[in-house]
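The values are calculated or read from the model by the stated rules, or taken from the named source; none is laboratory data. Here the structure is a predicted model, which is why all the values come from computation and not from measurement. Every residue, glycine as well, gets a Cβ built from its backbone with ideal geometry; the counts of neighbours run over all protein chains shown.
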Amino acid sequence: MRFEYSTSVTNDINSPLRPLMPLVIASFVTSSREVALVDSGSDVNVLPYRLGRKLGLVWENHAPAKKLGGVVNVEETRLIRLGVKIGDLPIAELVFAWANSDRVPLVLSMTDFFLKFNVCFFRSQSYFEVLPKSGM
């Protein structure tokens, strides 16, 4: 599937173009249409606190995980498994670090989005492609 680089989800024309991708993210309780940042520089998938609550997750019911470093530097996270549906591609179960903060975006990263999908960036042409991993 091919996606155009776009500005932030708020469509602020002053925002730089980013690899943002629409998807459906689902827990055992409910699902939600969202836009995620596809980030080859991030080590873990990240779920903002408000989205976890929207999906019916309960913070206290999940085991603590390591803190998120980098720019966001979130002290508390929980490990969560969620289903992700991207267009007509097969549903993938991904592990997320559910952050105790809304300062973080929904991020798809090296672990484990890039292990389950092939992603090719064509920044000079303002698009990227997401393909299922062979054998999926």
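Tabulated values for the structure
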read-out: Out of 101, 42, sole residue that is part of a loop (DSSP other than H, G, I, E, B), closer than 18 Å to residue 19 by Cβ and hydroxyl-bearing (Ser, Thr, Tyr); value: 42
read-out: Pairs, first without any contact (Cβ under 8 Å) to a residue 40 or more places away in the chain in region 110-136, second in a helix (DSSP H, G or I), C-beta under 6 Å, six or more apart; value: 133/116
read-out: Test: residue 103 is under 23 Å from residue 32 (Cα atoms), crowded, with 20+ Cβ neighbours inside 10 Å and either of a type outside the set (Ser, Thr, Tyr) or at pLDDT 90 or above (or both); value: no
read-out: Scan of region 27-39 for residues that are within 16 Å of residue 95 (Cα to Cα), in a strand (DSSP E or B) and either among the aromatic types (Phe, Trp, Tyr) or free of Cβ contacts under 8 Å to residues at least 60 places away in the same chain (or both), ordered by number; value: 31
read-out: Among (1) farther than 27 Å from residue 17 by Cα; (2) loosely packed, with under 12 Cβ neighbours inside 10 Å; (3) not acidic (Asp, Glu) - the single one residue 77 does not satisfy; value: (2)
read-out: Which listed residue, of 60, 76, 129, is modelled with pLDDT of 95 or more and of a type in the set (D, E, K, R); value: 129
read-out: Flag if residue 130 is surrounded by 16 or more Cβ atoms within 10 Å (Cβ to Cβ), in a loop (DSSP other than H, G, I, E, B), among the β-branched types (Val, Ile, Thr) and out of contact with any helix residue (DSSP H, G or I) (no Cβ under 7 Å at 6 or more places or on another chain); value: no
read-out: Residues located in region 2-16, provided they are modelled with pLDDT under 95, of a type in the set (A, V, I, L, M, F, W, C) and within 17 Å of the chain's Cα centre (by Cα); value: 9
